[in-house]
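Chemist: The structure is given below, and queries will be raised subsequently.
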Number of protein chains: 2
Amino acid sequence: MLYDFSFQNPTRIHFGKSALNKLPQELNEYGPNVLLVYGKASIKKIGLYDQVMDILKACNKNVVELAGINANPRYTQLLEGARLVRDHKIDLILAVGGGSVIDCAKGIACAAYAEGDVWQRYYVNQESVTNQVVPVGSILTMAGTGSEMNSGSVITNEAENLKIGRVYPLALVTPRFSILNPEYTYSVPKYQMVSGIFDVFSHLMEQYFSGNDECTSDYLLEGLMLSLISASRKALIDPKDYEARSNIMWCATMGLNKILAVSKTQDWEVHMIEHQLGAYTDCAHGIGLAIISPAYYRYIFRDGLHKFVRYAKHIWGVEDHGQGDEAIALEGIARLEAFIQELGIPATLREVGATEEMLPLIANSTELGGGYKQLNQDDILIILKTCF
Amino acid sequence: MLYDFSFQNPTRIHFGKSALNKLPQELNEYGPNVLLVYGKASIKKIGLYDQVMDILKACNKNVVELAGINANPRYTQLLEGARLVRDHKIDLILAVGGGSVIDCAKGIACAAYAEGDVWQRYYVNQESVTNQVVPVGSILTMAGTGSEMNSGSVITNEAENLKIGRVYPLALVTPRFSILNPEYTYSVPKYQMVSGIFDVFSHLMEQYFSGNDECTSDYLLEGLMLSLISASRKALIDPKDYEARSNIMWCATMGLNKILAVSKTQDWEVHMIEHQLGAYTDCAHGIGLAIISPAYYRYIFRDGLHKFVRYAKHIWGVEDHGQGDEAIALEGIARLEAFIQELGIPATLREVGATEEMLPLIANSTELGGGYKQLNQDDILIILKTCF
């Protein structure tokens with residue numbers, strides 16, 4: 001069955017080596033006050049900070065800065081940004097960085113003119129946003145989250161040890177424009193690069209492993225997985241292979257701009273578990289996903305056997321020698337695990353700082369859901385122990 | 001190489017059995033005067049005309065009608081629509097029908113407040129549109145052209161025996177909203193259904209057969225081709241298979257909303273030839289494309305051999321037994337031809353009303369271009385004779 005859906009994604013993408021040249025025409029559409037949001041030193045190291053500041057100055061913008069956004073952006077940073085927006089009557093929030101920075105910018109955009117406890121209202125309770133929202137634009141420096149062309153925002157509340165994702169209405173906080181130059185990703189350390197790659201791969205699998213239908217979205221997701229695998233292998237050999245890095249960047253954007261999710265029920269439980277792993281260990285998001293995924297899929301595959309068989313054959317080229325569907329499906333998951341190893345990602349939670357004591361805390365704080373199989377807290381604990 | 005690109009597609013899609021329920025909220029965004037554009041009797045036969053009129057009435061709209069749009073929409077019809085827009089101060093042009101009706105609506109939207117000879121200015125000379133443009137919305141009843149989510153408009157000038165396509169700037173005439181209910185396509189006669197299917201297939205191939213790069217768009221186009229082949233075979237057996245018809249409809253939209261065209265140079269010469277075939281014979285668009293395609297691809301495949309080998313293997317499952325790349329590529333084109341036969345589409349131009357005398361006229365009036373091979377008028381005549 002194909003399910004009814006509505007879809008719109010209005011983000012304007014400027015992609016390629018010359019993409020930054022489009023920034024002035026985008027800036028023209030907004031008032032003079034810009035909040036520049038970015039992370040640690042990396043955008044200064046690659047010279048992007050100076051380039052962007054020069055353009056902002058040439059466009060007569062008044063720039064207020066919010067620097068130092070964490071890989072897991074913090075609620076305190078969101079509040080600080082919201083205050084700056086109000087104090088300086090900001091017309092545009094310009095996020096320069098990876099998904100964390102853009103996620104934080106979206107949170108700021110919604111929080112600036114909100115009343116009451118934003119964490120409770122917009123993240124815990126997922127209330128509708130009715131207050132004024134400030135426009136967001138982005139300049140992307142790391143491929144992974146897809147935040148540059150969607151309305152998701154994942155924020156960590158350190159005081160409460162909670163990392164919660166929120167998908168705002170698309171038209172509200174999806175970046176009005178996003179500038180994607182694959183060259184900006186050259187300087188991303190290998191560990192962060194493979195973390196981003198696996199984040200994308202997980203997005204594709206979590207959309208794919210849902211539904212019993214034969215749906216056009218499944219075929220498109222398969223195409224994107226194949227492109228990502230091929231490009232990743234090239235980028236591992238030469239991180240400055242423009243073709244490889246540009247394909248990875250576009251796979252990331254297409255992988256979560258929701259156009260390949262139409263009519264899919266989707267899973268996202270791996271993300272839910274990782275969010276809590278991240279809240280307890282601050283480990284890189286994609287690395288956490290990669291550690292959890294094989295254990296998760298081995299735990300649930302029998303409930304979506306037909307799809308895991310298709311995945312094994314179409315994505316990993318597993319051949320049918322009469323070994324039976326379960327064996328084919330398991331061989332597909334084994335190939336996924338081999339790919340994770342090829343990326344140089346650790347295989348266990350203890351390697352990213354989790355302790356045995358944390359496992360029940362992570363399991364008990366994970367939001368429940370699932371695709372082919374609805375999980376409870378005990379199921380999650382078993383999965384965590386399997387990959388500990 | 002991936003080429004730099006900018007992309008934005010703001011159309012809001014409402015898809016599925018309940019999609020028409022979204023019409024009132026869309027209508028709310030426009031003033032009271034609506035120009036309803038449609039084709040022959042089919043929307044009345046399936047009851048859609050009455051449903052739409054009831055909603056328009058309930059939303060207090062003043063409706064002006066322009067009926068009888070041809071399968072190859074005529075310039076005279078565009079001018080008539082433009083006059084109605086001016087005379088009735090139209091706020092929204094609502095196209096109800098297939099791609100022809102939507103293409104015509106876009107032309108009307110741009111022509112209404114244009115000065116001078118619109119045919120010469122906007123179609124022959126492809127001048128920029130600077131005048132006011134009236135918003136367009138669509139309710140789709142036939143899958144094929146993708147016009148519901150792009151800014152293309154193909155118009156036939158009967159007096160001049162010319163059929164010219166125009167891609168307007170995306171933000172200008174792309175439908176603001178499009179309502180896609182696959183059930184509306186159930187009553188499309190089989191000949192029109194397979195014409196639409198092959199139109200989509202040709203869109204995918206004409207984007208795919210270009211560039212030497214390994215590009216994410218190629219993988220996505222392959223996914224869409226595989227989905228379309230699978231769904232088409234099911235629709236041939238049971239035209240009321242909702243899953244099949246809904247996948248075909250979404251393949252059509254995704255196939256030409258340009259998101260899978262990013263960084264592809266694209267070909268479109270098969271479309272250019274067919275446009276002139278259509279101008280001389282009025283044959284169904286997709287049928288013409290299907291007749292021309294095998295002859296065209298056999299003529300050019302050596303210039304893009306690597307891609308035709310990939311196509312043969314990935315799309316048609318041709319196995320490599322050491323027969324050589326040319327043999328593999330030709331086997332892929334033979335499988336395409338077999339698929340066209342499976343769809344029940346005639347194999348020769350004479351079966352759709354072309355005469356031998358027409359061939360040089362069609363060849364000499366075809367716009368020149370091409371993907372892997374740049375063609376001249378003689379090349380086109382050879383191709384036409386091959387499939388005559």
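Taken together, the values in this text are just the output of simple stated rules run on the coordinates, not laboratory data. All values derive from a computational prediction rather than experimental measurement. No Cβ is skipped: glycine too gets one built from the backbone with ideal geometry, and neighbour counts run over all protein chains shown.
Chemist: For the modelled label position 7 Å from the Cα of A:Ala67 along Cα-to-Cβ, which residues of segment A:27-50 have backbone nitrogen atoms closer than 14 Å?
Modeler: Residues passing the 14 Å test: A:36-50.
Chemist: For a 32 Å ceiling on Cα separation, which of these pairs sit above it: B:Lys313/B:Lys373; B:Lys22/B:Lys264; B:Lys106/B:Lys313?
Modeler: Values: B:Lys313/B:Lys373 22 Å; B:Lys22/B:Lys264 34 Å; B:Lys106/B:Lys313 39 Å.
Checking Cα-Cα distances, B:Lys22/B:Lys264; B:Lys106/B:Lys313 exceed 32 Å.
Chemist: Okay, moving on. Using a label position 7 Å from Cα in the Cα→Cβ direction, what is the ascending list of nm distances from A:Gly353 to the same site in the other copies?
Modeler: Relative to the other copies, A:Gly353 has label-point distances of 7.2 nm.
Chemist: How far is helix B:305-316 tilted, in degrees, relative to the longest principal axis of the Cα atoms in chain B, given as a value from 0 to 90 rounded to the nearest 10?
Modeler: 70 degrees
Chemist: Filter the trypsin sites (Lys or Arg not before Pro) in segment B:190-281 to those in DSSP coil with at most 14 other Cβ atoms within 10 Å of their Cβ, and list the result. The partial results should precede the final answer.
Modeler: Details: sites: B:Lys190, B:Arg233, B:Lys234, B:Lys240, B:Arg245, B:Lys258, B:Lys264; in loops: B:Lys240, B:Lys258, B:Lys264.
Of the trypsin sites (Lys or Arg not before Pro), the ones in loops of segment B:190-281 whose Cβ has at most 14 other Cβ atoms within 10 Å are B:Lys240.
Chemist: Give me the percent of Cα-Cα pairs in chain A that sit more than 26 Å apart, rounded to a whole number. Before the final figure, lay out each step's value.
Modeler: Numbers: 38330 of 75078 pairs.
Tail fraction, whole percent: 51.
Chemist: Also, I was wondering about something else. B:Lys240: which aspartates and glutamates have alpha carbons under 15 Å from its alpha carbon, excluding same-chain residues fewer than 8 sequence positions away?
Modeler: Qualifying aspartates and glutamates at Cα under 15 Å: B:Glu183.
Chemist: Quick check of the Kirkwood formula: for segment A:200-331, what is the inverse mean of 1/r over all pairs of different Cα atoms, in Å?
Modeler: So the Kirkwood estimate lands at 15.7 Å.
Chemist: Sticking with this one: With r as the distance between the Cβ atoms of B:Ile55 and A:Asn21 and R0 = 51 Å, compute the FRET efficiency 1/(1 + (r/R0)^6) and round to 0.05.
Modeler: Numbers: r = 45 Å, r/R0 = 0.89.
Computed FRET efficiency for A:Asn21 and B:Ile55 comes out at 0.65.
Chemist: Next up: Which one, A:Tyr219, A:Leu84, A:Tyr297, is farthest towards the positive end of the dipole of the protein assembly as shown when Lys and Arg carry +1 and Asp and Glu -1 on their Cβ?
Modeler: Farthest towards the positive pole: A:Leu84.
Chemist: Next question, about the same structure. Is the shape of segment B:104-179 best called rounded, prolate or oblate, per the rule: a/c under 1.5 gives rounded, else a/b larger than b/c gives prolate, else oblate, with a ≥ b ≥ c the square roots of the Cα gyration tensor eigenvalues?
Modeler: Details: a/c = 2.11, a/b = 1.31, b/c = 1.61.
In terms of gyration-tensor shape, oblate.
Chemist: Can you quote the Å³ per residue value for the convex hull of the Cα atoms in the protein assembly as shown, rounded to an integer? Please report the intermediate quantities before stating the final value.
Modeler: On the way: hull volume 123.9 nm³, N = 776.
It comes to 160 Å³ per residue, whole-number rounded.
Chemist: For the Cα atoms of chain A, what angle does the longest principal axis make with the long axis of helix A:377-386, in degrees from 0 to 90, nearest 10?
Modeler: Roughly 80 degrees between the two axes.
Chemist: Label-to-label distances across copies for A:Asn161, with labels 7 Å out along Cα→Cβ, in nm, shortest first?
Modeler: From this label point to the equivalent ones elsewhere in the assembly: 8.1 nm.
Chemist: Still on this model: When the helices in chain A are scored as -39500 (n - 2.57) per DSSP H run of 4 or longer and the sum is shared across all residues, what 222 nm value do you end up with, to the nearest 500 deg cm²/dmol? List each step's numbers first, then the result.
Modeler: Working: 15 runs with 182 residues, N = 388.
Counting only the DSSP helices, I get -14500 deg cm²/dmol.
Chemist: Could you tell me how many degrees, from 0 to 90 and to the nearest 10, lie between the Cα long axis of helix A:269-281 and the main elongation axis, the longest principal axis, of the Cα atoms of chain A?
Modeler: Orientation of helix A:269-281: about 60 degrees from the principal axis.
Chemist: Residue by residue through A:224-230, how many Cβ atoms from other chains fall within 10 Å of the Cβ on average?
Modeler: Values: counts 4, 2, 7, 9, 2, 1, 3.
Whole-number average of other-chain Cβ neighbours for A:224-230 is 4.
Chemist: What's the extension gain from A:Lys240 to A:Tyr186 if we count 0.36 nm per residue and subtract their Cα-Cα distance? Walk me through the intermediate numbers first.
Modeler: Details: separation 54, 0.36 × 54 = 19.44 nm, distance 0.58 nm.
Full-extension gain reported as 18.9 nm.
Chemist: Return the whole-Å distance between the Cα centroid of segment A:278-323 and the Cα centroid of segment A:68-114.
Modeler: So the two Cα centres are separated by 34 Å.
Chemist: A follow-up question, please. Under the rule a/c < 1.5 gives rounded, and otherwise a/b versus b/c splits prolate from oblate, where does segment A:145-191 land using the Cα gyration tensor? Please list the in-between numbers first.
Modeler: Numbers: a/c = 3.72, a/b = 1.22, b/c = 3.05.
Oblate, because a/c is 1.5 or more while a/b does not exceed b/c.
Chemist: Hey, got the average number of other protein chain Cβ atoms within 10 angstrom for residues in A:13-23? Numbers along the way, then the final one.
Modeler: Details: counts 7, 5, 8, 7, 3, 1, 3, 0, 1, 2, 0.
Average neighbour count from other chains, rounded to a whole number: 3.
Chemist: Peptides B:354-361, B:92-99: what's the order by average Cβ count within 10 Å, highest mean first?
Modeler: In decreasing order of mean packing, B:354-361, B:92-99 become B:92-99, B:354-361.
Chemist: Run the label-point distances for A:Gly68 please: 7 Å along Cα to Cβ, every other copy, nanometres, shortest first.
Modeler: 7.4
Chemist: Next question, about the same structure. Based on C-alpha coordinates, I'd like the Rg and Dmax of segment B:12-185, in Å.
Modeler: 14.8, 43
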